[in-house]
Amino acid sequence: MSKRKKITIVGAGNVGASAAAWIAARNLGDVVLVDIVDGLPQGKALDLSQALPILGSEISITGTTDYAATKNSDIVVITAGKVRTESMTREDLLSDNSKIVGGVVRQAAAYSPDCALIIVSNPLNAMVHVAAEASGFPKHRVMGMAGCLDSARFKYFIAQAAGCSVEDVDAVVIGSHSEGMVPLVRLATVRGKALPEILSKEQMKDIVEKTQQGGKQVISFLKTSAYIAPGAAIMEMVEAIAADSKRVLPVSAFLHGEYGLQGLFAGVPAVLGANGMEKIIELPLTKEEHSAFLASCAEIQETVASWEKKKMN
Ligand code: LAC
């Protein structure tokens, strides 16, 4: 058996395949792509495998419909579910995707009881709740990917406006993965210089809006959800866990009183390592920023409550 990390990706659609491609490019571990549609995971795995000699990557990529092949994965990424189209919000997917995510998480968790789970399906934070319940895992091994993507979008738009490299921008988005997300403008910096000292109020407002609408704007062109940047954002989390790097990344993490909230998965910066979500970082928010964060989290609470209610019926 290979000593490399084993990474299962459930859902071989656009997002799953893109994540697999970035993971292969970084040589992070062997990938198992799983999908319910026979032929899709096998075909994508073969296509990706044929790129390995070009990438100089030694990993293996296999495609299957059988969860037995995912046994003892270190990391399981859940991208399965319906995709948002132009007329939909992420919340419109709640009913269908809670059934899909619950079902696939139960199967994956049974074969990999010690894995770290990364949830990507929408509506994101509610799906992390579904996955936490379906897996029965301790909460630190269940996380959601949204903050890495939203923060990458935020950083990109800042770099564009500031005329600097994306590498020199430090910025984070917290809260829900919806248009109510909270890009923290005051705390964003370009090599230590605060954004309000570099850009005008109008420029900052424009960046916040572009970030909040980042996913929607891609949909308006493609008529389907974004997948290249989402795949890269998944890779960022997988890399931190696989390499035990302790990177501080914005992820959907379970709050135990941090930021004044309890019992909720929401987007906050956290240390990621071999044990999954190892520590939540509490940023020094102003009253206004904290209120915006709470309002954003109220949206998550509402979606979770409507899922809980459906479960009862
Ligand atoms: C987006 C989807 C992945 O934000 O939610 O593009």
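The values are calculated or read from the model by the stated rules, or taken from the named source; none is laboratory data. Here the structure is a predicted model, which means the values were calculated and not measured. Cβ: placed from backbone, ideal geometry, glycine included. Neighbour counts: every protein chain shown.
Which residues, taken from the range 80-132, are at pLDDT below 95, among the aliphatic types (A, V, I, L, M) and out of contact with any Ser or Thr (no Cβ under 9 Å at 6 or more places or on another chain)? If the condition is that a residue be at pLDDT below 95, among the aliphatic types (A, V, I, L, M) and out of contact with any Ser or Thr (no Cβ under 9 Å at 6 or more places or on another chain), then 88 is the only one that fits. Inclusion of residue 49 among residues that are hydroxyl-bearing (Ser, Thr, Tyr), crowded, with 16+ Cβ neighbours inside 10 Å, closer than 18 Å to residue 229 by Cα and modelled with pLDDT of 95 or more is not warranted. Kindly list the number of the only condition in (1) within 15 Å of the ligand (Cβ to nearest atom); (2) surrounded by 19 or more Cβ atoms within 10 Å (Cβ to Cβ) that fails for residue 188. Going through (1) within 15 Å of the ligand (Cβ to nearest atom); (2) surrounded by 19 or more Cβ atoms within 10 Å (Cβ to Cβ) one by one, residue 188 breaks only (1). Close Cβ contacts (under 7 Å, 6 or more residues apart or on different chains) running from residues in the range 120-134 that are touching a residue at least 60 places away in the same chain (Cβ under 8 Å) and farther than 14 Å from residue 299 by Cα to residues that are among the small types (Gly, Ala, Ser) and buried (at least 24 other Cβ atoms within 10 Å of the Cβ) comprise 121/80; 121/81; 128/144; 128/252; 130/98. Determine whether the range 93-102 contains at least one residue that is assigned to a loop (DSSP other than H, G, I, E, B), closer than 21 Å to residue 17 by Cα and not hydroxyl-bearing (Ser, Thr, Tyr). So far as the range 93-102 goes, no, none of its residues is assigned to a loop (DSSP other than H, G, I, E, B), closer than 21 Å to residue 17 by Cα and not hydroxyl-bearing (Ser, Thr, Tyr).
If you go through the range 56-74 one residue at a time, do you hit one that is touching a residue at least 40 places away in the same chain (Cβ under 8 Å), assigned to a loop (DSSP other than H, G, I, E, B), over 21 Å from the mean Cα position of the chain (by Cα) and buried (at least 16 other Cβ atoms within 10 Å of the Cβ)? Yes, the range 56-74 contains a residue that is touching a residue at least 40 places away in the same chain (Cβ under 8 Å), assigned to a loop (DSSP other than H, G, I, E, B), over 21 Å from the mean Cα position of the chain (by Cα) and buried (at least 16 other Cβ atoms within 10 Å of the Cβ). Reported count of residues in the range 158-168, each being part of a helix (DSSP H, G or I) and either surrounded by fewer than 22 Cβ atoms within 10 Å (Cβ to Cβ) or acidic (Asp, Glu) (or both), is 7.
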